[in-house]
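Engineer: Would you mind keeping the following structure in view while I ask a few things?
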Number of protein chains: 2
Amino acid sequence: MRKPREEMIAETRAKLIAAGRQAFGTVGYAAASMDDFTAGAGLTRGALYHHFGDKKGLLQAVIQQIDAEMTLRLNRISAAAPNRWQGFVAECVAYIEMALEPEIQRIMFRDGPAVLGDVSQWPTSNGCIAALSRSIEQLKADGVMGDIDTEAAARLINGASSHAALWIAKSDDPEETSRRAVRGFRTLLEGLRVKG
Amino acid sequence: MRKPREEMIAETRAKLIAAGRQAFGTVGYAAASMDDFTAGAGLTRGALYHHFGDKKGLLQAVIQQIDAEMTLRLNRISAAAPNRWQGFVAECVAYIEMALEPEIQRIMFRDGPAVLGDVSQWPTSNGCIAALSRSIEQLKADGVMGDIDTEAAARLINGASSHAALWIAKSDDPEETSRRAVRGFRTLLEGLRVKG
DNA sequence: ATAATTACATACGCGGCGTATGTTGAAGAG
DNA sequence: CTCTTCAACATACGCCGCGTATGTAATTAT
């Protein structure tokens with residue numbers, strides 16, 4: 001073997017991130033015992049502190065990983081749409097629906113902001129905001145969307161989406177609530193569209 | 001004195017809520033030591049557990065108090081506007097600006113949801129959502145706002161507002177960012193208005 | 001070959017939380 | 001008026017989790 005060393009290290013890091021992600025996503029950040037989930041990965045807290053500095057550092061790494069996955073999914077969805085506007089709407093709807101997944105919801109929309117502050121401000125993990133901004137910029141260039149500050153629009157839409165997801169997830173009838181939220185959201189977006 | 005007993009009890013409760021509110025609003029919920037801030041109020045953790053059950057119970061009481069204050073402020077603002085639509089917009093803008101206040105931001109938009117789950121779902125502290133919903137309902141009845149699910153609209157707007165506030169608060173130039181956010185927000189609301 | 005650094009594990013102390021157990025003073029019964 | 005009872009707290013104790021300091025084995029550098 002050429003580089004067993006670096007591979008082992010990368011593997012250790014990956015194990016810790018996976019273990020933390022699992023724990024944070026289920027019991028939540030505060031209730032996740034470092035002793036417990038590192039032991040579950042066959043390691044100790046020593047490894048965690050060595051690689052990530054502290055508990056927050058691991059959370060940051062987990063968020064970065066999830067954000068990358070979300071960004072990839074969003075890009076694929078918008079690319080698959082027949083035109084830019086529909087791609088944009090699909091992207092937003094997908095964002096709401098992703099926020100329904102318990103792991104994403106808990107880590108990205110709850111504990112993340114609470115522990116690290118506004119996550120979208122972190123330069124390492126603003127992939128989703130950036131993806132939304134790109135879509136909006138293109139729509140404005142195409143004349144499909146009216147005059148609105150790009151970043152402001154991206155953040156307002158981001159906020160509406162994540163809150164909508166929380167609303168859906170906590171409701172008694174998530175399916176029905178999801179339909180209501182998505183319909184309202186489409187109406188909201190339609191208001192930004194230039195009428196032809 | 002007629003009822004010194006109940007007054008003392010209410011005073012104790014008020015002291016605990018005030019102390020917790022101060023601590024939660026500055027150092028945050030997780031870092032707030034119950035021993036410390038109860039001692040600051042001349043009490044002990046025993047009083048806290050007696051009245052509120054646990055730390056989360058106190059947070060809930062604090063949130064309820066703040067929510068009542070916010071609701072009152074929002075109602076006054078919308079009532080002071082020349083017409084319903086302007087009152088509604090002013091209400092939304094005020095909501096953004098309230099979310100700029102550190103105490104409100106920290107407790108209502110960060111630690112609250114992280115610890116208790118979606119706060120707007122709590123029957124005791126959904127005053128702001130209810131206020132928004134009432135305004136929207138009236139606008140729809142007046143024919144000023146188009147067809148959109150009332151609660152969905154309220155929650156989407158609520159989410160956009162709170163996220164906008166986070167964005168503003170964390171930015172390098174809050175004044176400028178605030179202007180951008182409010183402008184974008186007005187554009188967003190304008191899209192929901194029935195054109196005449 | 002030895003020195004130095006990396007990648008972890010182990011050990012220790014501290015602080016915070018929850019509970020179990022007092023203690024005091026006020027309300028109600030006789 | 002006295003005794004009982006219960007509410008409104010304070011005190012005491014133990015557990016758990018975090019952070020750090022230290023130890024150790026393996027790899028790399030010289």
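Engineer: Give me the angle, in degrees from 0 to 90, between the Cα long axis of helix A:150-170 and the longest principal axis of the Cα atoms of chain A, rounded to the nearest 10.
Structural biologist: Around 70 degrees separate the two axes.
Engineer: Among A:ILE104, A:VAL93, A:GLN65, pick out the residue whose Cα is farthest towards the positive end of the charge dipole of the range A:65-119, where Lys and Arg carry +1 and Asp and Glu carry -1 on C-beta, about the Cα centre.
Structural biologist: Final value for the positive-end residue is A:VAL93.
Engineer: Report, in deg cm²/dmol and to the nearest 500, the calculated mean residue ellipticity at 222 nm for the protein assembly as shown, where each DSSP H run with n ≥ 4 adds -39500 (n - 2.57) and the sum is divided by the residue count.
Structural biologist: -23000 deg cm²/dmol
Engineer: Placing +1 on the Cβ of each Lys and Arg and -1 on the Cβ of each Asp and Glu in the range A:1-56, which of A:THR44, A:PHE24, A:ILE9 has its Cα farthest towards the positive end of the resulting dipole?
Structural biologist: A:ILE9
Engineer: Right, something else. Once amide H atoms are placed 1.01 Å from N in the peptide plane, what residues at a sequence separation of 5 or more from A:ALA41, or on another chain, have their amide H within under 5 Å of its amide H?
Structural biologist: The list, which skips near neighbours in sequence, is empty: none.
Engineer: Select from A:LEU72, A:LEU132, A:LEU59 the residue whose mean-square fluctuation is largest in a Gaussian network model of chain A (Cα-Cα springs shorter than 10 Å).
Structural biologist: A:LEU72
Engineer: Just to confirm the numbers: A:LEU43, label point 7 angstrom along the Cα-Cβ line, distances to the other copies in nm, shortest first?
Structural biologist: So the label point of A:LEU43 gives 4.4 nm to the other copies.
Engineer: Give the cross-link partners of A:LYS15 among the aspartates and glutamates, using a straight C-alpha distance below 20 Å as the criterion and excluding same-chain residues fewer than 8 apart.
Structural biologist: Correct list for A:LYS15: A:GLU6, A:GLU7, A:ASP35, A:ASP36, A:ASP54, A:ASP67, A:GLU69, A:GLU103.
Engineer: Separate question: Please give the total accessible area that chains B and A bury against each other, computed with a 1.4 Å probe and expressed in Å² to the nearest 100.
Structural biologist: 3000
Engineer: If you don't mind, another one. With the cut-off at 1.5 for a/c, could you classify the protein assembly as shown from its C-alpha gyration tensor as rounded, prolate or oblate?
Structural biologist: oblate
Engineer: What does the structure give for B:165-172 when I average, per residue, the other chain Cβ atoms found within 10 Å of the residue Cβ?
Structural biologist: Neighbouring Cβ atoms belonging to other protein chains average 4 per residue here.
Engineer: Further question on the same structure: Considering only protein heavy atoms and a probe of 1.4 Å, how much of the accessible area of the protein assembly as shown is carbon and sulfur, as a whole percent?
Structural biologist: Solvent-exposed carbon and sulfur of the protein assembly as shown make up 51 percent of the total.
Engineer: What does the copy distance list look like for A:ARG179, label position 7 Å along Cα→Cβ, in nm and ordered from shortest?
Structural biologist: For A:ARG179, the inter-copy label distances come out at 4.6 nm.
Engineer: Rounded, prolate or oblate for the range A:75-196? Axes are the square roots of the Cα gyration tensor eigenvalues, ordered a ≥ b ≥ c, and the cut-off for rounded is a/c under 1.5.
Structural biologist: It is oblate, given that a/c is not under 1.5 and a/b is not larger than b/c.
Engineer: Within straight cross-link reach of A:LYS170, meaning Cα distance under 25 Å, which lysines are found once same-chain residues fewer than 8 apart are removed?
Structural biologist: Excluding near neighbours in sequence, the set is B:LYS55, B:LYS56.
Engineer: Another question, if that's okay. Please report, for A:LEU72, the nm distances (one decimal) from its label point, 7 Å out from Cα along the beta-carbon direction, to the equivalent points in the remaining copies, shortest first.
Structural biologist: Distances between equivalent label points, in nm: 5.3.
Engineer: Sort the following peptides by mean Cβ neighbour count (other Cβ atoms within 10 Å, averaged over residues), highest first: B:90-101, A:93-104.
Structural biologist: Highest mean packing first, the order is B:90-101, A:93-104.
Engineer: Now for a separate question. Can you give the mean number of other chain Cβ atoms that lie within 10 Å of the Cβ atoms in peptide B:142-149?
Structural biologist: Mean shielding count: 3.
Engineer: Using the alpha-carbon atoms, what tilt in degrees (0 to 90, nearest 10) does helix B:84-98 show relative to the longest principal axis of chain B?
Structural biologist: 40
Engineer: Still on this model: For chain B, with only Lys/Arg (+1) and Asp/Glu (-1) charged at the beta-carbon, what is the dipole magnitude about the Cα centre, in debye rounded to 20?
Structural biologist: The dipole magnitude comes to about 300 debye.
Engineer: Work out the length of the dipole vector of the range A:12-112 about its Cα centre, built from +1 on the beta-carbon of each Lys and Arg and -1 on the beta-carbon of each Asp and Glu, and round it to the nearest 20 debye.
Structural biologist: Rounded to the nearest 20 debye, it is 200 debye.
Engineer: Another question, then. Using the heavy atoms of the protein chains and a 1.4 angstrom probe, tell me the accessible area per residue for the protein assembly as shown in square angstrom.
Structural biologist: 48
Engineer: What's the minimum Cβ distance from chain A to the axis relating it to B, in whole Å, and which residue gives it?
Structural biologist: In residue-and-Å form, the answer is A:GLY191, 1.
Engineer: List the relative contact order of chain A as a percent without decimals, with contacts defined as Cα pairs under 8 Å and 6+ residues apart.
Structural biologist: Here the relative contact order equals 19 percent.
Engineer: For the range A:1-74, rounded, prolate or oblate, judged on the Cα gyration tensor with a ≥ b ≥ c (square roots of eigenvalues), a/c < 1.5 rounded, else prolate if a/b > b/c?
Structural biologist: Since a/c reaches 1.5 but b/c is at least a/b, the shape of the range A:1-74 is classed as oblate.
Engineer: Hey, got the dipole for the range B:1-53? About the Cα centre, +1 on K and R Cβ, -1 on D and E Cβ, debye to the nearest 20?
Structural biologist: Result for the range B:1-53 is approximately 200 debye, rounded to the nearest 20.
The values are calculated or read from the model by the stated rules, or taken from the named source; none is laboratory data. Given the structure is predicted, the values throughout are model-derived calculations rather than measurements. Please note: Cβ atoms are built from the backbone with ideal geometry, for glycine as well, and neighbour counts cover all protein chains shown. Ligands, DNA and RNA are stripped out before the accessible areas are found, and what is left, the full protein with its side chains, is counted by its heavy atoms. Shrake-Rupley method; radii C 1.70, N 1.55, O 1.52, S 1.80 Å.
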